[in-house]
Amino acid sequence: MCYSSTLRKKEKEIERMTRKSFQVPFEYKPYYRANGFTHPNLYIVKMDEPENIYPAMWGLIPTFGIKDIPEFQKKYNTLNAKSETILTSNTYKHSATDKRCLILADGFHEPHDEKGTSYPYFCHYKDDSLFYFAGLYTEVDEEFFSCTILTMAANEQFEQIHNKKKRQPLILDSEFESDWLRHDLSSIGIKELVKVGFTTKEIEAYPISRDLYRRGIDSNTPLAITKVDYPELNEQGSLF
């Protein structure tokens, strides 16, 4: 699962680092936490415009959900798509073949269970640089996109962090970013890429305030990235 993401860099910094341009003026604002369940905009790079960045509502809306989006969102959680089934799922298979995207981020949150209590962990590259989730998108209309983040079975590190459902978002290694956007990528190529495409860069993870889970709390603040030492977690250490 990945239901919470961060993108704290400023617009000009992102454009300089990615060599891509935001296409909706004055829309982007850095954030410490985007809560997927509020369906905020994430920022995507589409297959047909690899030099541009667009906002896209988090929570993919397939063709059959466009007529009544609020009703679709009540019935379906499409914040994440299982990478193992994107080519067979009625919700995702059309996007998997011709509407893949890169989703910008510089961090995300995962839940860790300790004796029945959930602790949020902040995960990011140790150098705090940008990365891309592998994503899918739809064009709801000409100026409105929706997207979903691909997930995969947890590796050794994330089995310890997200230790209940043991899933992790598919963060693409820089070697595979352009491949994910290729128009000639076959179904076999897609299956292979999601198996081997996870980043090789070092990911740092540490616990943050459990207030992240409290209703009514503004979590789009440094609270979402500030390390908290919990005595009950000290035996395993704060870093995985």
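Can you pull out the residues in the range 134-183 that are β-branched (Val, Ile, Thr) and over 11 Å from ALA81 (Cα atoms)? Listed by number, the residues that qualify are THR138, VAL140, ILE161, ILE171. Would you confirm whether or not the range 170-177 contains a residue that is within 16 Å of PHE122 (Cα to Cα) and part of a helix (DSSP H, G or I)? Within the range 170-177 (the criterion being within 16 Å of PHE122 (Cα to Cα) and part of a helix (DSSP H, G or I)), the answer is no, since none of the residues qualifies. Number of residues in the range 40-77 that are polar (S, T, N, Q) and in contact with a Pro (Cβ under 8 Å, 6 or more places away or on another chain) equals 1.
Reported count of residues in the range 35-44, each being free of Cβ contacts under 8 Å to residues at least 60 places away in the same chain and of a type outside the set (Ser, Thr, Tyr), is 5.
Every residue in the range 178-207 that is surrounded by fewer than 17 Cβ atoms within 10 Å (Cβ to Cβ) and in a helix (DSSP H, G or I), please. Once the filter is applied, which keeps residues that are surrounded by fewer than 17 Cβ atoms within 10 Å (Cβ to Cβ) and in a helix (DSSP H, G or I), the range 178-207 yields SER178, ASP179, SER187, ILE188, GLY189, LYS191, GLU192, LYS195, VAL196. Filtering the range 135-159 to residues that are in contact (Cβ under 8 Å) with a residue 24 or more places away in the chain, buried (at least 16 other Cβ atoms within 10 Å of the Cβ) and farther than 29 Å from ILE69 by Cα leaves only PHE158. Restricting ILE69, ILE86, ILE61, ILE149 to those that are of a type in the set (Val, Ile, Thr) and under 28 Å from THR221 (Cβ atoms) reduces the list to ILE149.
Does at least one position in the range 214-225 carry a residue that is modelled with pLDDT of 95 or more, in a helix (DSSP H, G or I) and out of contact with any Gly (no Cβ under 9 Å at 6 or more places or on another chain)? The answer is yes; a qualifying residue exists.
GLU232 meets each of the listed conditions (1) assigned to a helix (DSSP H, G or I); (2) surrounded by 13 or more Cβ atoms within 10 Å (Cβ to Cβ) apart from (2).
Scan the range 28-83 for residues that are out of contact with any Ser or Thr (no Cβ under 9 Å at 6 or more places or on another chain), surrounded by 19 or more Cβ atoms within 10 Å (Cβ to Cβ) and in a helix (DSSP H, G or I) and report the count. Summing the residues that are out of contact with any Ser or Thr (no Cβ under 9 Å at 6 or more places or on another chain), surrounded by 19 or more Cβ atoms within 10 Å (Cβ to Cβ) and in a helix (DSSP H, G or I) in the range 28-83 gives 0. Please state which one of LEU233, LEU223 is closer than 19 Å to LEU7 by Cα and in contact (Cβ under 8 Å) with a residue 24 or more places away in the chain. Going through LEU233, LEU223 in turn, just one is closer than 19 Å to LEU7 by Cα and in contact (Cβ under 8 Å) with a residue 24 or more places away in the chain: LEU223.
Out of ILE190, ILE217, one residue alone is out of contact with any Phe, Trp or Tyr (no Cβ under 6 Å at 6 or more places or on another chain), of a type in the set (Val, Ile, Thr) and within 17 Å of ALA96 (Cα to Cα). It is ILE190. Every condition in (1) among the basic types (Lys, Arg); (2) surrounded by fewer than 16 Cβ atoms within 10 Å (Cβ to Cβ); (3) touching a residue at least 60 places away in the same chain (Cβ under 8 Å); (4) over 20 Å from HIS94 (Cα atoms) is met by LYS164 except one, and the failing one is (3). Please verify whether VAL196 is out of contact with any strand residue (DSSP E or B) (no Cβ under 9 Å at 6 or more places or on another chain), of a type in the set (A, V, I, L, M) and either in contact (Cβ under 8 Å) with a residue 24 or more places away in the chain or more than 21 Å from TYR32 (Cα to Cα) (or both), treating the condition exactly as stated. Judged against the criteria, VAL196 is a match.
The values are calculated or read from the model by the stated rules, or taken from the named source; none is laboratory data. As the structure is a computational prediction, the values presented were derived from the model and not from experiment. Methodologically, a virtual Cβ is constructed for each residue, glycine included, from the backbone with ideal geometry; neighbour enumeration extends over all protein chains shown.
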